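A quick write-up on the structure given underneath.
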Amino acid sequence: MILREAFDYEFSRLDPTGDHIDPPSVAVYETVLAKGPDWNAHPVLAEAWETTPDGLEWRVRLRPGLRFHSGAPCDARAVLESLEHLRWMFPGQQLWYWDPVDTVEALDALTLRFRLHHPYSRLPALLWGTHTAVYNERLRAERPEDFGYTVADGTGPFRLVSWSPERIVAERWPEYAAAPAPFLEAGAGRVERIEWVAILDETERLAALEDGRVDCLHGPPLGEVGRLHADPRFEVIEQPQASNMYLALDWRRSDLGFDDLQMRRAISLAVDRRALVDLALDGHGSPAWGPVPPGDEFYDPSIDTEGRHDPEQARAVLAGRDLRFECVVQDDPAFRRVAALVVEQLEAVGVRVEPRFVRPFAPFYGAVADGPPASISKWLWQDPVDALIGFSATHARPFPNWQHASAPALDDAYRRWLRADSHDELAAAAALVQRVFADELPYVPLLVPNDVWVHSRRVRGWRPFQANLYPFYHGTVVSRDPALGA
């Protein structure tokens, strides 16, 4: 039984240290914990965890007998080596989402101890993130040129067969030790092989689904979504993506006024976000004045409700300025449509923007790291406030805060988030982050696209949910009964 899934980007290296995490990673690698449909932590490699009364220490106990696909033991030492490499993979710079952590130790073969700088109730978010998926670090260090291409040594239910930018194949690992999280149950009749194919043209991608060459896809032509909803052969799953598309203005460019809050606010007022969603996404998204997507557990709708489009006020602030600048844009169809509208809307208030399109993902990240005056980008992250810290906190300059934003009030709000000791405190801190962000504009939010997945009704046990970026494949079943659809 084979599942064939079409995706809308070429695939990055299949490695948690890679430039982008794609759906196959969820099948090949696992995390210590998983974020469930209830938005809570569930055990995967871990079987239990506990904190000390002062909140400064977490102990995580791993399931006994875990192994990588290669047969190497996945014990506390191996998990520690993986996490520490992910934490420090940029020399001299700890990745920002590790900031609350002081040290991590393997106390014995099954126990990890995390010592924190301060109580941090969101430590599970670190351990369920796709950027901390566990892999065999010793094998990666031995074969760094091959890892993620010809070899990928994880603990997931599928192991790598072949990789190319256009196609990844994985087969079920017969020795997989089923994860205890209830939503990862794998029943009888599961798929034995998965083939992911990159089909960049959205019309061709949909044609592959409709003629049965693939069983599911991400990103159909948005104008076809209504028809697909009505087609009994298919099921459409649509929800706000855990992302934010934004216009970043380099704060170092005082010659362009980007360090001036009034300038950033004027540019924000000139953008008609509803038109961006209606025209670029055919209505399948949400206009964004704030940085957290709708549907997230910490989303504050008041920020977007209060957002304004006022080109006259923008024009008044910008009067007398000859503002021209280059803007680096990720080169894909949705970004191109959004960029064309932003260029048109800013030109209407006297701002000339020259877009330069760069292929995702590594080439684009390299281009924004070179320091262009502006860029249109998007983060994709299952925990939005944690993403925002990286993309806009002062201490995250120059990576990934490429626009070199520095807003002390926002840094203070982030500190409140990192020290929140309860869900209520987290919600209050997240609300403050969103309010200050919308006021200070470390970058200019534009929109949140909807994630649109479509699958044949022959596919069962494959369901994306908003708390995670991609579907899990543990219990996926594909029937070849023609009565069930294409």
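General observations
- Verdict on ASN450 being open to solvent by 10 Å² or more (accessible area, probe 1.4 Å) and modelled with pLDDT under 95: no
- Selection from region 224-246 of residues that are over 17 Å from ASP451 (Cβ atoms) and either over 18 Å from the mean Cα position of the chain (by Cα) or modelled with pLDDT under 95 (or both): ARG227, ALA230, ASP231, PRO232, ARG233
- Of the residues making up region 393-416, those that are touching a Gly at 6+ places or on another chain (Cβ under 9 Å) and open to solvent by 30 Å² or more (accessible area, probe 1.4 Å) are PRO398, PHE399, TRP402, HIS404.
- If the condition is being of a type in the set (S, T, N, Q) and out of contact with any strand residue (DSSP E or B) (no Cβ under 6 Å at 6 or more places or on another chain), then region 429-455 contributes only GLN434.
- Here ASP424 clears all of (1) open to solvent by less than 50 Å² (accessible area, probe 1.4 Å); (2) not in a loop (DSSP other than H, G, I, E, B) except the condition numbered (1).
- Within region 225-243, tally of residues that are open to solvent by 60 Å² or more (accessible area, probe 1.4 Å) and in contact with a helix residue (DSSP H, G or I) (Cβ under 9 Å, 6 or more places away or on another chain): 2
- Number of positions in region 225-259 that are within 30 Å of VAL353 (Cβ to Cβ), among the polar types (S, T, N, Q) and part of a strand (DSSP E or B): 2
- Residue in region 272-290 that is buried (at least 21 other Cβ atoms within 10 Å of the Cβ), within 23 Å of GLY390 (Cβ to Cβ) and either at pLDDT below 95 or in contact with a Phe, Trp or Tyr (Cβ under 9 Å, 6 or more places away or on another chain) (or both) present: yes
- All of PHE357, PHE364, PHE399, PHE325 fail the test of being within 30 Å of PRO124 (Cβ to Cβ) and in contact (Cβ under 8 Å) with a residue 12 or more places away in the chain, apart from PHE399.
- Filter result for GLU30 (under 27 Å from HIS474 (Cβ atoms) and of a type outside the set (A, V, I, L, M, F, W, C)): yes
- Every pair of residues 6+ apart whose Cβ atoms lie under 7 Å, when the first sits in region 161-188 and is over 24 Å from ARG213 (Cα atoms) while the second is surrounded by fewer than 16 Cβ atoms within 10 Å (Cβ to Cβ): ALA177/GLY65; PRO180/GLU47; PHE183/PRO37; ALA186/ALA178
- In region 57-84, the residues that are over 26 Å from ARG172 (Cβ atoms) and acidic (Asp, Glu): GLU57, GLU81, GLU84
- Among the residues here, HIS20 qualifies as closer than 30 Å to GLU204 by Cα and either open to solvent by 10 Å² or more (accessible area, probe 1.4 Å) or over 16 Å from the mean Cα position of the chain (by Cα) (or both).
- Residue pairs meeting the criteria (Cβ under 7 Å; at least 6 apart or on separate chains; first farther than 19 Å from PRO464 by Cα, in region 233-252; second at pLDDT 95 or above and surrounded by fewer than 19 Cβ atoms within 10 Å (Cβ to Cβ)): ASP250/GLY371; TRP251/ASP259; TRP251/SER406
The values are calculated or read from the model by the stated rules, or taken from the named source; none is laboratory data. These numbers come from a predicted model, not from an experiment. Heads up, the Cβs are rebuilt from the backbone with ideal geometry, glycines too, and the neighbour counts pull from every protein chain shown. Just the protein is used for accessible areas: all its heavy atoms, side chains included, with ligands, DNA and RNA removed. Shrake-Rupley method; radii C 1.70, N 1.55, O 1.52, S 1.80 Å.
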